[in-house]
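**Student:** This is the structure I have questions about; it appears just below.
The values are calculated or read from the model by the stated rules, or taken from the named source; none is laboratory data. Every value quoted in this text rests on a predicted model; they were computed, and no experiment measured them. As a convention, Cβ positions derive from the backbone with ideal geometry for all residues, glycine included, and neighbour counts pool all protein chains shown. Remember, those area values only see protein heavy atoms, side chains included, never the ligands or the DNA or RNA. Shrake-Rupley method; radii C 1.70, N 1.55, O 1.52, S 1.80 Å.
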Amino acid sequence: GDEIMTVKLRYKLPKADISKLIEKPVLDEDVSLSKTSDNYRFSAAAAGFGMLLRDSGFKGMLTYEDVLDLAKNAKGKDEAGYRAEFISLVKTCSLLN
């Protein structure tokens, strides 16, 4: 089916004796990468970079150039400069490989 997982949360209000359960299925909505947020795409670039560094079997055909393209296109507002620093780190690492 389309269900990826079910998130279950149980909570109890202060001074309550009985807890309540919330269950919410998470569905695969098959959203293309281009329609996701900058934050999502940038975090995907960071995850991909980690897989390249570990030479993970799950990296598939991913390259440093792929990570750079994804990160550059998802840089968005970078007021503290962390994303630019990450991009620079990926560039440096790609030169070493």
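**Student:** Quick one: if the Förster radius is 25 Å, what FRET efficiency do D69 and M5 give, using the C-beta to C-beta distance and rounding to 0.05?
**Tutor:** 0.25
**Student:** Which one of A46, Y11, I87 is farthest out on the positive end of the charge dipole of the chain, using unit charges on Cβ (Lys, Arg +1; Asp, Glu -1) and the Cα centre as origin?
**Tutor:** So the residue furthest toward the plus end is Y11.
**Student:** Among (i) -0.28, -0.34, -1.29, -1.40; (ii) -0.24, -0.29, -1.34, -1.54; (iii) -0.45, -0.52, -1.14, -1.25, which one is log10 I(q)/I(0) by the Debye sum over Cα atoms at q = 0.10, 0.11, 0.23, 0.25 Å⁻¹ computed from these coordinates?
**Tutor:** (iii)
**Student:** Subtract the Cα-Cα distance of A47 and K77 from 0.36 nm times their separation in residues, and report this length gain in nm to one decimal.
**Tutor:** 8.8 nm
**Student:** D30 to D55: extension gain in nm, 0.36 nm per residue of separation minus the Cα-Cα distance?
**Tutor:** So the chain would gain 6.3 nm between D30 and D55.
**Student:** At a probe radius of 1.4 Å, what is the per-residue accessible area of D55, in Å² to the nearest 10?
**Tutor:** 100 Å²
**Student:** With label points built 7 Å along Cα→Cβ from the Cα atoms of S37 and A16, find their separation and express it in nm.
**Tutor:** The answer from the label model is 2.8 nm.
**Student:** Quick one: pull the percent of accessible area on segment 1-55 belonging to carbon and sulfur, 1.4 Å probe, ligands and nucleic acids left out.
**Tutor:** Solvent-exposed carbon and sulfur of segment 1-55 make up 54 percent of the total.
**Student:** Mind checking the dipole of the chain: about its Cα centre, +1 per Lys or Arg Cβ, -1 per Asp or Glu Cβ, Debye to the nearest 20?
**Tutor:** So the magnitude is around 480 debye.
**Student:** Over 25 Å between Cα atoms: which of K24/K59; K59/K91; K35/K72 fall into that group?
**Tutor:** Violating the 25 Å limit, Cα to Cα: K24/K59.
**Student:** Using a 1.4 angstrom probe and counting only protein chains, how large is the accessible area of L27 in Å², to 10?
**Tutor:** 100 Å²
**Student:** Follow-up question, since we're still on this one. How tilted is helix 64-73 with respect to the longest principal axis of the chain? Cα atoms for both, answer in degrees (0 to 90, nearest 10).
**Tutor:** 70 degrees
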